[in-house]
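Novice: What follows is a structure written as structure tokens; I'll ask about it next.
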Ligand code: SF4
């Protein structure tokens, strides 16, 4: 029997900085854990960081070096000197593997820890015997309801008259009022991120010269004379809000992982645009976020939320499934409709590669969040307009994602060596 889903909502939604949860927040957390393990040892004169796999391939573009610099002591760590970029290390336990090594003045190893950045800023430590120990910044889940699949969730909902959000809430170790208070902070941070993105003009950092487009997209709402194929106020808001969050993320601003930084715009855009148009209460937002977290927990248990493991189907695809299920819950849909919406949204992201141009979380990431959020809104609409009966289950879609992610060549999994990243790097022309 599979392990029960045990991921806290606060391990899925975490406040941090852009541009990448796996490449900035995860390594920062690993560095914090390493410094805590070192304690006050006075004999450490240098800390070397070995970045393997995807971290080695796209860590520069994703600002891993600057993230590590924020945490590691300046007298022991110089990113120019002390980072080893090792994209081709064979036989890694995870595509985002990093070693932190503390040395004394003689160059002898004082402490060596290996960490895995497993997606969404979450970290696991690899012990010398190979055992992987999960780090959680959230209080451990209580596991009142032992569910390990969407099918079990639906059965439990039917048996006990529960909903997806109630199952997640019951399994949180904090009391409900504390959960809701923390979710309010998460939601406020998402809203503030949207607002900053909508009001900040200019160009994003990095050599691509990508211009921020959220403000001009939002202004389209007040410009009926501009001819567009689509003028729906909800959908235009989704466009602008997703651009806003992911432009903030690309600029290194404060964002909430949802479930990752690269996919941080999907849920805020889908939820906030719908709230603005339909007037959702904070209680409905809580329910949406809790439902989304349970969907993320399922995906994390059976596949992965990491672009380095699954490609972008694991990031934006997962975020779209979470948003779609959450929206259905906010509209008072049935547990079957929640499952159906999440399945539809995930199904239509299967196979999506991670190929960030220049190793930056900008192209195609920013627009991908717009597309993911729009698909989530449409998936929720399809599910809410039906009786929730459908042919492909969410469990099957997650299993399909796992298999596709496993079969996908490494170059399409956050290495910037395939897809759009390669075509742009090569300056390839269209063949006639
Ligand atoms: S392409 Fe997708 S998975 Fe890859 S960095 Fe961008 S958002 Fe993340």
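Each reported figure results from applying straightforward, stated rules to the coordinates on display, with no laboratory input. Because the structure is predicted, anything quoted here is derived from the model rather than measured. With ideal geometry, Cβ positions are generated from the backbone for all residues, glycine too; neighbour counts draw on all protein chains shown.
Novice: Roughly what % of DSSP beta bridges within the stretch 1-114 run antiparallel, to the nearest 5?
Specialist: 75
Novice: For the stretch 223-297, report the translational diffusion coefficient in µm²/s to the nearest whole number, using Stokes-Einstein at 37 °C, 0.692 mPa s, and a Kirkwood Rh over Cα pairs.
Specialist: Rounded to a whole number, D works out at 244 µm²/s.
Novice: Further question: So, in Å, what gap is there between the alpha-carbon centers of the stretch 56-128 and the stretch 343-411?
Specialist: Value for the Cα centre distance between the two parts: 30 Å.
Novice: With only alpha-carbon pairs counted, each pair once and no self-pairs, how large is the Kirkwood hydrodynamic radius of the stretch 80-217 in angstroms?
Specialist: Evaluated over the stretch 80-217, this radius sits at 20.3 Å.
Novice: With just the Cα atoms of the stretch 71-141, tell me how far they stretch along each of the three principal axes, in Å, largest first.
Specialist: Computed over the stretch 71-141, the largest-to-smallest principal extents equal 43, 31, 24 Å.
Novice: Also: Would you list the P(r) distribution for the chain, with all Cα-Cα distances sorted into 20 Å bins from 0 and each bin expressed as a whole %?
Specialist: 28, 57, 15, 0
Novice: Quote the FRET efficiency, to the nearest 0.05, computed for residue 127 versus residue 175 with a Förster distance R0 of 45 Å and r equal to the Cβ-Cβ distance.
Specialist: 0.85
Novice: With a 10 Å Cβ neighbour count serving as the proxy for reagent exposure, in which order, fewest first, do 28, 371 appear?
Specialist: 371, 28
Novice: Rounded, prolate or oblate: which fits the stretch 200-330 when a ≥ b ≥ c are the square roots of the eigenvalues of the alpha-carbon gyration tensor, with rounded for a/c under 1.5 and prolate only if a/b beats b/c?
Specialist: oblate
Novice: Another question, then. In terms of the Cα gyration tensor, with a ≥ b ≥ c the square roots of its eigenvalues, is the stretch 281-331 rounded because a/c is under 1.5, prolate because a/b exceeds b/c, or oblate?
Specialist: Because a/c hits 1.5 or more and a/b exceeds b/c, the stretch 281-331 counts as prolate.
Novice: Viscosity 0.890 mPa s, temperature 25 °C: give me the Stokes-Einstein translational D for the stretch 21-135 in µm²/s, with Rh taken as the Kirkwood radius over C-alpha pairs.
Specialist: Once the numbers are plugged in, D ends up at 177 µm²/s.
Novice: From Cα coordinates alone, what are the radius of gyration and Dmax values for the stretch 149-264 in angstrom?
Specialist: Final numbers for Rg and Dmax: 18.9, 56 Å.
Novice: Follow-up question, since we're still on this one. Add -39500 (n - 2.57) for each DSSP H run of 4 or more in the chain, then divide by its residues: what number comes out at 222 nm, to the nearest 500 deg cm²/dmol?
Specialist: One gets -15000 deg cm²/dmol as the mean residue ellipticity at 222 nm.
Novice: With a ≥ b ≥ c the root eigenvalues of the C-alpha gyration tensor of the stretch 295-432, is it rounded (a/c under 1.5), prolate (a/b larger than b/c) or oblate?
Specialist: Prolate is the answer for the stretch 295-432, as a/c is 1.5 or above and a/b outweighs b/c.
Novice: I need the peptides 234-246, 156-168 ranked by packing, meaning the mean over residues of other C-beta atoms within 10 angstrom, with the highest value on top.
Specialist: Result, highest mean Cβ count within 10 Å first: 234-246, 156-168.
Novice: Residue 410 versus residue 276, label points 7 Å from Cα toward the beta carbon: distance in nm?
Specialist: For the pair residue 410/residue 276, the computed spacing is 4.3 nm.
Novice: At a Förster distance of 22 Å, what's the computed FRET efficiency of residue 146 paired with residue 391, Cβ-Cβ distance as r, to 0.05?
Specialist: 0.20
Novice: Next up: Between residue 185 and residue 221, what's the calculated FRET efficiency when r is the beta-carbon distance and R0 is 25 Å? Round to 0.05.
Specialist: According to the calculation, E is roughly 0.35.
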